[in-house]
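The values are calculated or read from the model by the stated rules, or taken from the named source; none is laboratory data. Just so we're clear, the structure is a prediction, and the values are computed from it rather than from any experiment. We place every Cβ from the backbone using ideal geometry, glycine too, and count neighbours over all the protein chains shown.
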Amino acid sequence: MKSLSLELQKTKHHGMWLVMVALLAVQCLWFLYAEGKNKDLIQGWLILLYNFPLLNSIMVPTFTAVVASRLIDIEHKGSDWKLLETLQSKCSIYLGKIIYGMCYLLCFSITQLIMMLLLGFSFGYYGEPDVWAYMLYFVQTFTVSFILFLFQMILSILFSNQAVSLCVGICGSMAGLFLMFMPWDFLQCLLPWGHFGAAMFVGMDWEESTRICTYYYANRQNHILLFIIVWLVALLYGGWKLFSNMDTEGYSFSGLVKHQGRKRKNSRIYIPLLPIEYLKIRRSPIWIAFFILPSISSFVGTFNYLCNLELLKSSWYSLWTQHSLFLCYFFMPALVGVYASYLWRLEHNGTNWNMIMVNISAARLIFNKILACAAMTMITIVWTVGLYLFCGFACGLSEPVPPELIEWTVCGILGGITVSTVQCFLSLVIRSFAIPIGLALGGGIAGLVATAMDLWYLVPYALLSIGMRANNPNRELHLVRFVLLNFCFTVLFYLLSVCYLKKTDVKTQ
């Protein structure tokens, strides 16, 4: 209880609970828009049990990565591991973090269940909710979320750089979405990100001629319970063994990398060719997400395109929607959030603010951060386009490449610069590495809802997907207005960042 109380004190003013509120708010808005216009009053209670596992598979892996990172990252700063172990036993420290994460996810699961019931009653669904079905959903949601939290906590303990854990969480969200619609039941059960889909007990049939969806209770294989138990035991025991064998310095993988302090043959002073912001990320783990996330999105998009050729008949245009839709709305904003948080991470540590603010102006510092983040975002978009062309030729598409591809890319880069500016502002104001990334994921989904309501110009995150025509390649876009919107949002958040940095006292962690 003492350890749990300490964990509560550490996170008291760090906005962890706001992440949960933001996640639930985004899920609520999603469902309100998806079902608010066409209410199915008869099947409504089943629709809730079908849609929310889908939302959880997309959002909860990143959500648990944010929570685990926030709980562990504070101990990696300074010599906190040494200090803690002089005051408490390792068992107490480990159990305190486990119980805190469990309580946090329990609150999330209970609040989500209450929100689902309130949505059903407010919509006026016929009948009463199936108590046993909703209790089963609650148990599954809590258990699977807790497994993902344990997995992410192990990564956060192993790697002091929390970019590794968060990149894995974002890739896990993509994998969860992919596994949700794949017919490979064994792979769903084997990988923890697929457990939301494997544990679903409500299915859907769609009649193409009438365009009517029918929801029903599906017979699921009970072996998913065995996989969940095995994962739960393995992660609890494995995490404890890793933690108990860790010394007070934490785990270090510096031996795997060539030591950079070796004496050079030429003893002259080395002047780097890259700007200082790029030197910070040259060997960082964020490139893991840079390569893997667009690759997974491209694989899933190509697979879905090949499986639905009878519906997707627009060749390159259909392939583009499959490649860019989920990436732009769900994962690209979170990836930009990783870039921005990593760029600001060094300044938020130690006393680096004191040093850097006497060497550079606030306006120039903000400009350098935004430029570096925007450059990485641009490279990511170009990498996505390259994967799109490769997959199209690999699929044997004989039609010419769409001439609009250049416009999609340029407009996507403009939207990416805007998102980079917003995330740099959030990462400046919020000193946590993980929380701005969770807000970026929510912002991407908010952009999807705003686009569907034709209010995309109000949400800066929607400009990325609108520019790349992720939702509709044939969409007509007023380029002058689009450029002005990006310019206004970019200048606004740039000025907000500069003003905040000038008016706020230097704070360090």
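In region 307-353, what residues are modelled with pLDDT of 75 or more and farther than 25 Å from Gly392 by Cα?
Ala334, Val336, Gly337, Val338, Tyr339, Ala340, Ser341, Tyr342, Leu343, Trp344, Arg345, Glu347
Does Arg431 satisfy the condition of being within 30 Å of Val164 (Cα to Cα) and not in a helix (DSSP H, G or I)?
For Arg431, the condition - within 30 Å of Val164 (Cα to Cα) and not in a helix (DSSP H, G or I) - is met.
Could you run through region 443-477 and say how many residues are more than 16 Å from Ser324 (Cα to Cα) and surrounded by 24 or more Cβ atoms within 10 Å (Cβ to Cβ)?
The qualifying residues number 2.
Taking Glu85 as meeting all but one of (1) more than 21 Å from Ala434 (Cα to Cα); (2) modelled with pLDDT of 80 or more; (3) not hydrophobic (A, V, I, L, M, F, W, C), write down the number of the exception.
It is condition (2) that Glu85 fails.
Would you pick out the residues in region 121-143 that are in a helix (DSSP H, G or I) and within 22 Å of Gly197 (Cβ to Cβ)?
Result: Trp132, Ala133, Tyr134, Met135, Leu136, Tyr137, Phe138, Val139, Gln140, Thr141, Phe142, Thr143.
Looking only at region 392-412, which residues are surrounded by fewer than 21 Cβ atoms within 10 Å (Cβ to Cβ), of a type outside the set (Gly, Ala, Ser) and in a helix (DSSP H, G or I)?
Phe393, Leu405, Ile406, Glu407, Thr409, Val410
May I ask you to verify whether Leu463 is within 26 Å of Val401 (Cβ to Cβ) and in the same structural domain as Thr377 (by TED's automatic domain parsing)?
yes
Restricting to region 426-442, name every residue that is out of contact with any Pro (no Cβ under 6 Å at 6 or more places or on another chain), surrounded by fewer than 24 Cβ atoms within 10 Å (Cβ to Cβ) and modelled with pLDDT of 85 or more.
Within region 426-442, just Val429 meets the criteria.
For region 203-210, check the following and say yes or no: at least one residue is surrounded by 13 or more Cβ atoms within 10 Å (Cβ to Cβ) and of a type outside the set (Val, Ile, Thr).
yes
Looking for whichever is touching a Ser or Thr at 6+ places or on another chain (Cβ under 8 Å) and in the same structural domain as Pro294 (by TED's automatic domain parsing) here; the options are Thr380, Thr421. Which one fits?
Thr421
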